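The values are calculated or read from the model by the stated rules, or taken from the named source; none is laboratory data. These numbers come from a predicted model, not from an experiment. Glycine gets a Cβ as well: all are built from the backbone with ideal geometry, and neighbour counts include every protein chain shown. Calculation scope for accessible area: heavy atoms of the full protein, side chains included, ligands and nucleic acids excluded. Shrake-Rupley method; radii C 1.70, N 1.55, O 1.52, S 1.80 Å.
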Amino acid sequence: MRAYIGWVAGAAAAVLVAAGAITYAVAEDGGGSTNSSVPTADSADAGFARDMAVHHQQAVEMSYIVRDRTKNVEVRRLAYDIAQTQANQRGMLLGWLDLWELPKVSADPPMTWMGMGDMASGKDGALMPGMATNSEMEKLNTLSGKQAEVFYLQLMTDHHKGGIHMAEGCVAKCRVGVEKRLAQGMVDAQQSEIQLMAGMLKERGAKARS
């Protein structure tokens, strides 16, 4: 387990190192799309950047909550890795919107760029697939120790599954090359972390919720 977490930490560090290079590449070639044109506000590229920035922000919040609610080294390390990686990726996504001179918010419902704008109701704060509700976030804040660890791992597993679904949508629909590659990197890393969290849940006599 420790070796696996070490690998995850190394992968996260690699993502952080690559972040500047990816952002620079977007700035240099005007977006890296197939025809070097800047994406439009209603494009999949812009929609993914906006929605995933929001999705990532909640993962960062959950991760910092659990770091304060447990002393378990492995869970705290995983939470830190997720928080740092997703905060960095969020900055990249918002930075691209700045480079493209596009708004960071949209009047359209989340997931519209995937043709799923009527899917997420936003009930109790869960705006997109996998996102925790406001009630679940409040509950996480009340737990400690093993209970906090289990609930966090369950919430983050659901969160990653939703994130993978969105990232796969970008891989299929986005036109900016570096954004598509970042999305594929999200898929690969989060699938690995889901496997890791399944093992951590099993160690605690629990399992994913779905």
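Of everything in region 106-126 that is crowded, with 17+ Cβ neighbours inside 10 Å and modelled with pLDDT under 90, the residue that is farthest from residue 53 (Cα to Cα) is 120.
Of the residues 167, 208, the single one that is open to solvent by less than 20 Å² (accessible area, probe 1.4 Å), small (Gly, Ala, Ser) and at pLDDT 95 or above is 167. Of all residues in region 46-57, exactly one satisfies the criterion of being touching a residue at least 60 places away in the same chain (Cβ under 8 Å) and more than 13 Å from residue 166 (Cβ to Cβ), namely 46.
Out of all the residues in region 145-162, is one or more within 16 Å of the chain's Cα centre (by Cα), hydroxyl-bearing (Ser, Thr, Tyr), modelled with pLDDT of 95 or more and open to solvent by 20 Å² or more (accessible area, probe 1.4 Å)? No: zero hits. Any residue that is buried (at least 20 other Cβ atoms within 10 Å of the Cβ) and over 23 Å from residue 192 (Cβ atoms) - is there at least one of those in region 76-94? No, region 76-94 contains no residue that is buried (at least 20 other Cβ atoms within 10 Å of the Cβ) and over 23 Å from residue 192 (Cβ atoms).
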